[in-house]
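Asks: Would you mind keeping the following structure in view while I ask a few things?
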Amino acid sequence: MDLESARKRIRELSGIIDKHNYKYYVLAEPTISDYEYDMLMEELIELENKFSELIDINSPTQRVGGMVTKDFPAVRHKYPMLSLGNTYSKKELQDFDSRIRKAIGDAFEYVCELKYDGVAIGLVYENKNLVRAVTRGDGYQGDDVTTNARTIKSIPLKLFDGAKVPNELEVRGEIFMPHGSFLQLNEARLKNNEAPFANPRNAAAGSLKLRESKIVASRNLDCFIYNILGENLPFDDHYDNLKLAKKWGFKIPEFIKKCDDLDKVFQYISYWEKERKTLDYDTDGIVIKINSIEQQEKLGYTAKSPRWAIAYKFPAQQAYTRLLDVKYQVGRTGAITPVAVLQPVQLSGTTVKRASLYNADKIKELELHLNDTVIVEKGGEIIPKIVGVDIKHRDTNAQPVTYATKCSECNTPLVKGEGEALHYCPNQKDCPPQVLGKIEHFISRKAMNIESLGQGRTEILIKNGLVKNIADLYDLKYEQLYGLEKTIVNELEGTSKKISFREKTVNNILNALEKSKSVPFERVLYALGIRYVGETVAKKIAQHFTSIDNLMNSSFEQLLEVPEVGKKIAYSIILFFQDKDNLNIIDRLKSKGLQFETGEKSKKGGLLNGKVFVISGVFEKYSRQGLKSLIEDNGGKVTGSVSSNTDYLVAGENMGPEKRKKAVELKVPLINESEFEELLSNV
Ligand code: IVH
C-alpha cells in the first residue's frame, strides 16, 4: 500500500473505530461484536506500524501511550472552575428560587441533573482535538492530567464532524469510578496486601494521579460532561448545548430534566433520593441550574460559585449500632484521637466498624456510655461519625466512657493544654508512633530524601531497636540491616506479605544516607522537625542565620527579625534548642558530615544568582521538584509563568504549549535538560 492510500485508510478506520467506541462507551448501544471491533483495531495498528509517520496523537490506538508521567504540571484555567452552593432542605431551595425570581423575574426554566461524586475535570478541545485535561486544583489552576484522562474511553479524543463544534471549546465534567470497577479494584488490592480505597471518589482521584497511564487505563474510569463553555455556543440554553455535545461524542448526564417550577424540582429530588441506590455510580445530590445562558450571565457569580445554579445534597446515611469500646490512637505529633469501636454495621455500601470521636469534649457532649446504641452517620467524609445516642436502649447500669489518662502506646500520662481541644502524649522521644513520625519526616522527599527507608522499613528499624532518633540512622551498618524482615498481616483477607532487607535494598538505603550528607542546610533544618518550622520558614531562617550555631545562639528578639517568624515559631525554636537531647542529636549529625551551614552553598551559590527560570514538562533525570531545588540551591529563582523577566525556560517532554508560545514571543531561551546541566557547569 502506498503512503496516500495508507493515509486514507487510516483516517477511515480511525473514524469507524471512534464511532464504535462512542456507541459502546457513551450510548451503551454497541452495533458490532467484540471480534469485529478487534479486527478493525488490528488493521489500524498494523497500518500505523508500517507507516509510523501517519500516527495521529488522537488515533484510537494512542489512548495509552505507555507514557510514565513524572509530574503533573500546574495549568491555569481559562475560566475559573468554581464550586456550587450547597442546600440541604426544601426551605433553602425556596430561598434560592426567590432570589432568582427577584433578579430575573418569573420567566425561566430549571434544569435538574444528578450531582456526581467524583473528580471534576476540565477538557480543552482545539479544532475538535483534545489538547488538555486539567483537574480543578484551587479553582484557578489545576494539574495537567491529560495523559491519564486520554485513557478514559468515554472522553472523546476527537470530536465528531458535524455542525457547530466551536474551534475553541472547553467542557467540564466529573470523572468517576463505577461501583463494579471499584469493587474489583479493591478486591485486587486486598489480595496484593495493598490498602483498599475508602470510596469510589478516592479511587478515581488516586487513579487520575498515577504515573503509568497503562494502569489508569485498567481502572475503568468513566466521565460525564455537565457544562459546556465557550464564547460562541451553538444554542442559548444549557439543555440544548448538552444534547448537542452528546452528538459531538461526549457522555452527558443521563437523567437530565427540564422543570418549569420548583414543585417539579422537588419531584425530581424525591424520585432520585430513593432511586440513586440503583445506579452504578455514586451521587451525592442534585444540581439545579437555570437553563438560559443569557439568564445565567445576568445572575452572574459570587467569588466561589455561580448564582444560577445550586446543589441540593442528599441527607447523610445513618445507621444504629452498638458502641463496644473506645480506643485511643496516638498520632505522629503525639495528638490523641479517640475512636469508637462499633458492632459492624452496613452503611452506604460499606461495613462500618469504627467511628471517629474527635476529642474528649465530643465524648462528653454525647454523654457516651459503654454498650450504648449509637447513631452513626456517613456524609461526604471517609470516616463515619457518631451523631447521637439512643438513650432509650441504654442498660441501667451502663458505665459512662471516661477519657484515657495514659498514652495507649507508652503509658505516659496524657496532657491537655489550656483551651486546646486535644490531649497529647508528651513523651516525644520514646513513644513509638512519635519516634516513627519524626524519622519519617526526616527521611521524606522534601527533607533529606531517603525514601528507600520508607514503606514500613523505618518501623522495622524501630521495632528492632536499631534507631530511636534521626542521628541513629547514620550509625546503621550493612550487617545490622541485611536480613531484617517483617511480615505484614492483612487480617481482613487472612493474607500476609513480607518486607525484607535484601542486598539491593540495604545498599540503596546506605547510599541514600551518604548522599543526604550534601543536602543543603535549609532542608536539614526543615528535616529536624522543629514544631511550626515548615519548608518556607526553614529556608528563611537558613538564609538569615547561615549556620545552626548562629541560630542556636540567637535570642528570641533576633529570631523575630526573620521574615515569616512570629512569636509562636520563635518560642518553639528556643524550646527546641533548650533540650539537651536535641543538642546531642545535632552534634552527632554534625560529626557525620551533614550540612549545618550555608557555606557550601554560597561557594556554589551564585552560579545562577539572580537568574529566573520557568520549568515545564517532564524530564528524564530530574523530577520537577529536584530541578527546582537545584536551581534554588545555586541562587536561581523558579517562577510559574513565562514573562519578560524570565531568563530561561527549561523545557521537558510534553511541555505546556502556552509556555512555549509565550517564550518564543518574548524571545526567552528554551533549554533542555542537558543544556541546563551545561549552564550549571559553565556559568
Ligand atoms: S455544574 C460552576 N453539574 O459538583 C459549577 N457540577 O460542588 C458548575 N458536580 O465542582 C458545576 N455533578 O465537580 C455541575 N451535574 C453537575 C455536577 C457537578 C457533580 C460537581 C462538580 C463541581 C461540584 C460543585
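Asks: Checking His238 against (1) open to solvent by 60 Å² or more (accessible area, probe 1.4 Å); (2) within 31 Å of the chain's Cα centre (by Cα); (3) within 15 Å of the ligand (Cβ to nearest atom): exactly one of these is not met. Which one?
Replies: (1) is the only condition that His238 fails.
Asks: Out of all the residues in the stretch 442-482, which are of a type in the set (A, V, I, L, M, F, W, C), in a loop (DSSP other than H, G, I, E, B) and open to solvent by 30 Å² or more (accessible area, probe 1.4 Å)?
Replies: Correct list: Leu466 only.
Asks: Tally time: how many residues in the stretch 519-545 are over 18 Å from Leu583 (Cα atoms) and hydroxyl-bearing (Ser, Thr, Tyr)?
Replies: Residues that pass the stated criteria total 2.
Asks: Go through Val638, Val642 for me and flag whichever is surrounded by 21 or more Cβ atoms within 10 Å (Cβ to Cβ) and under 26 Å from Lys446 (Cβ atoms).
Replies: From the options Val638, Val642, the qualifying one is Val642.
Asks: Can you name the residue in the stretch 85-117 that is at pLDDT below 95 and within 13 Å of the ligand (Cβ to nearest atom) and, of all such residues, is farthest from Glu168 (Cα to Cα)?
Replies: My answer is Thr87.
Asks: Across the stretch 411-434, what is the total count of residues that are surrounded by fewer than 16 Cβ atoms within 10 Å (Cβ to Cβ) and in a loop (DSSP other than H, G, I, E, B)?
Replies: Here the count works out to 10.
Asks: Same structure, new question: Could you look through the stretch 77-99, keep only residues that are touching a helix residue (DSSP H, G or I) at 6+ places or on another chain (Cβ under 7 Å) and open to solvent by less than 10 Å² (accessible area, probe 1.4 Å), and pick out the one that is farthest from Lys277 (Cα to Cα)?
Replies: Once the filter is applied, the top-ranked residue is Leu93.
Asks: Restricting to the stretch 182-210, give me the number of residues that are among the small types (Gly, Ala, Ser), open to solvent by 20 Å² or more (accessible area, probe 1.4 Å) and part of a helix (DSSP H, G or I).
Replies: Number of matching residues: 3.
Asks: Another question about this same structure. Taking the residues in the stretch 276-332 that are under 25 Å from the mean Cα position of the chain (by Cα) and of a type in the set (D, E, K, R) as candidates, determine which candidate is most open to solvent (accessible area, probe 1.4 Å).
Replies: Only one residue tops the list, namely Lys304.
Asks: Filter the stretch 501-516 down to residues that are charged (D, E, K, R) and in a helix (DSSP H, G or I) and give me whichever is surrounded by the fewest Cβ atoms within 10 Å (Cβ to Cβ).
Replies: Residue satisfying both the conditions and the ranking: Lys504.
Asks: Here's something else I'd like to know. What tally of residues in the stretch 43-84 results from selecting those that are away from the ligand (no atom under 16 Å from the Cβ), of a type outside the set (Phe, Trp, Tyr) and under 21 Å from Val171 (Cα atoms)?
Replies: Residues in the stretch 43-84 being away from the ligand (no atom under 16 Å from the Cβ), of a type outside the set (Phe, Trp, Tyr) and under 21 Å from Val171 (Cα atoms): 9 in total.
Asks: Any chance you could count how many residues in the stretch 549-566 are in a helix (DSSP H, G or I) and either among the basic types (Lys, Arg) or within 25 Å of Gln625 (Cα to Cα) (or both)?
Replies: 0
Asks: Which residues, counting only those in the stretch 137-150, are open to solvent by less than 10 Å² (accessible area, probe 1.4 Å) and at negative phi?
Replies: Gly142, Val145, Asn148, Ala149
Asks: So the check is Cβ under 6 Å with 6+ separation or different chains; which pairs have a first residue in the stretch 173-197 that's under 28 Å from Gly249 (Cα atoms) and a second one that's aromatic (Phe, Trp, Tyr)?
Replies: Gly173/Phe224; Gly173/Tyr226; Glu174/Tyr116; Glu174/Phe224; Phe176/Tyr116; Phe176/Tyr281; Pro178/Tyr281
Asks: I would also like to ask the following. Any idea which of Asp587, Asp549, Asp633 is of a type outside the set (A, V, I, L, M) and open to solvent by less than 30 Å² (accessible area, probe 1.4 Å)?
Replies: Asp633
Asks: If you take the residues of the stretch 169-209 that are over 29 Å from Leu130 (Cα atoms) and among the acidic types (Asp, Glu), which of them is farthest from the chain's Cα centre (by Cα)?
Replies: For the stretch 169-209, the residue satisfying everything is Glu187.
Asks: More than 16 Å from the ligand (Cβ to nearest atom) and within 30 Å of Thr412 (Cα to Cα): does that describe Tyr328?
Replies: It is true that Tyr328 is more than 16 Å from the ligand (Cβ to nearest atom) and within 30 Å of Thr412 (Cα to Cα).
Asks: If the requirement is being more than 8 Å from the ligand (Cβ to nearest atom) and either within 25 Å of Glu254 (Cβ to Cβ) or free of Cβ contacts under 8 Å to residues at least 60 places away in the same chain (or both), which of these qualifies: Arg307, Arg276?
Replies: Arg276
Asks: Follow-up question, since we're still on this one. Write out, first by first residue and then by second, each pair whose Cβ atoms fall under 8 Å of each other, whose residues are 6+ apart or on separate chains, and whose first residue, in the stretch 125-137, is among the polar types (S, T, N, Q) while the second is outside any strand (DSSP E or B) and open to solvent by less than 20 Å² (accessible area, probe 1.4 Å).
Replies: These pairs meet every condition: Asn129/Asn58; Asn129/Leu157; Asn129/Leu159; Thr135/Val145; Thr135/Leu208.
Asks: So which of Val134, Val165 is at pLDDT 95 or above and either surrounded by 19 or more Cβ atoms within 10 Å (Cβ to Cβ) or more than 23 Å from Lys23 (Cα to Cα) (or both)?
Replies: Testing whether each residue is at pLDDT 95 or above and either surrounded by 19 or more Cβ atoms within 10 Å (Cβ to Cβ) or more than 23 Å from Lys23 (Cα to Cα) (or both) leaves just Val134.
Asks: Take the conditions more than 11 Å from the ligand (Cβ to nearest atom) and at pLDDT below 95 and apply them to Leu244. Does it pass?
Replies: Yes; evaluated as a whole, the condition is true for this residue.
Asks: For Tyr268, all conditions in the list (1) open to solvent by less than 20 Å² (accessible area, probe 1.4 Å); (2) part of a loop (DSSP other than H, G, I, E, B); (3) among the hydroxyl-bearing types (Ser, Thr, Tyr) hold save one; what is the number of the exception?
Replies: For Tyr268, the failing item is (2).
Asks: Let me ask another. Among the numbered criteria (1) modelled with pLDDT of 90 or more; (2) of a type outside the set (Phe, Trp, Tyr); (3) open to solvent by 20 Å² or more (accessible area, probe 1.4 Å), which single criterion is violated by Ile488?
Replies: Tallying (1) modelled with pLDDT of 90 or more; (2) of a type outside the set (Phe, Trp, Tyr); (3) open to solvent by 20 Å² or more (accessible area, probe 1.4 Å), Ile488 fails exactly one: (1).
Asks: Quick check on the stretch 37-57. Is at least one of its residues outside any helix (DSSP H, G or I) and in contact with a strand residue (DSSP E or B) (Cβ under 7 Å, 6 or more places away or on another chain)?
Replies: Checking the stretch 37-57: not a single residue is outside any helix (DSSP H, G or I) and in contact with a strand residue (DSSP E or B) (Cβ under 7 Å, 6 or more places away or on another chain).
Asks: Does Val642 satisfy being part of a loop (DSSP other than H, G, I, E, B) and farther than 30 Å from Asp430 by Cα?
Replies: Yes; evaluated as a whole, the condition is true for this residue.
Asks: Which residue pairs have Cβ atoms under 8 Å apart, sit 6 or more places apart or on different chains, and have a first residue in the stretch 346-357 that is on the phi > 0 side of the Ramachandran plot and a second that is assigned to a strand (DSSP E or B) and open to solvent by less than 40 Å² (accessible area, probe 1.4 Å)?
Replies: The qualifying pairs are Ser348/Lys378.
Asks: Got at least one residue in the stretch 282-295 being away from the ligand (no atom under 16 Å from the Cβ) and either outside any helix (DSSP H, G or I) or in contact (Cβ under 8 Å) with a residue 60 or more places away in the chain (or both)?
Replies: There is no residue in the stretch 282-295 that is away from the ligand (no atom under 16 Å from the Cβ) and either outside any helix (DSSP H, G or I) or in contact (Cβ under 8 Å) with a residue 60 or more places away in the chain (or both).
Asks: Residue pairs, Cβ under 6 Å, 6 or more apart or interchain, first in the stretch 67-89 and in a loop (DSSP other than H, G, I, E, B), second among the hydroxyl-bearing types (Ser, Thr, Tyr) and within 16 Å of the ligand (Cβ to nearest atom). List them.
Replies: As it stands, the answer is Pro80/Tyr140; Leu82/Ser305; Ser83/Ser305; Leu84/Ser305; Gly85/Ser305, since those pairs meet every condition given.
The values are calculated or read from the model by the stated rules, or taken from the named source; none is laboratory data. Values in this document were obtained by computation on a predicted structure and should not be read as measured data. Quick reminder, even Gly has a Cβ in these numbers, built from the backbone with ideal geometry, and neighbours come from all protein chains shown. Protein only, heavy atoms only, side chains kept; ligands, DNA and RNA dropped before computing areas. Shrake-Rupley method; radii C 1.70, N 1.55, O 1.52, S 1.80 Å.
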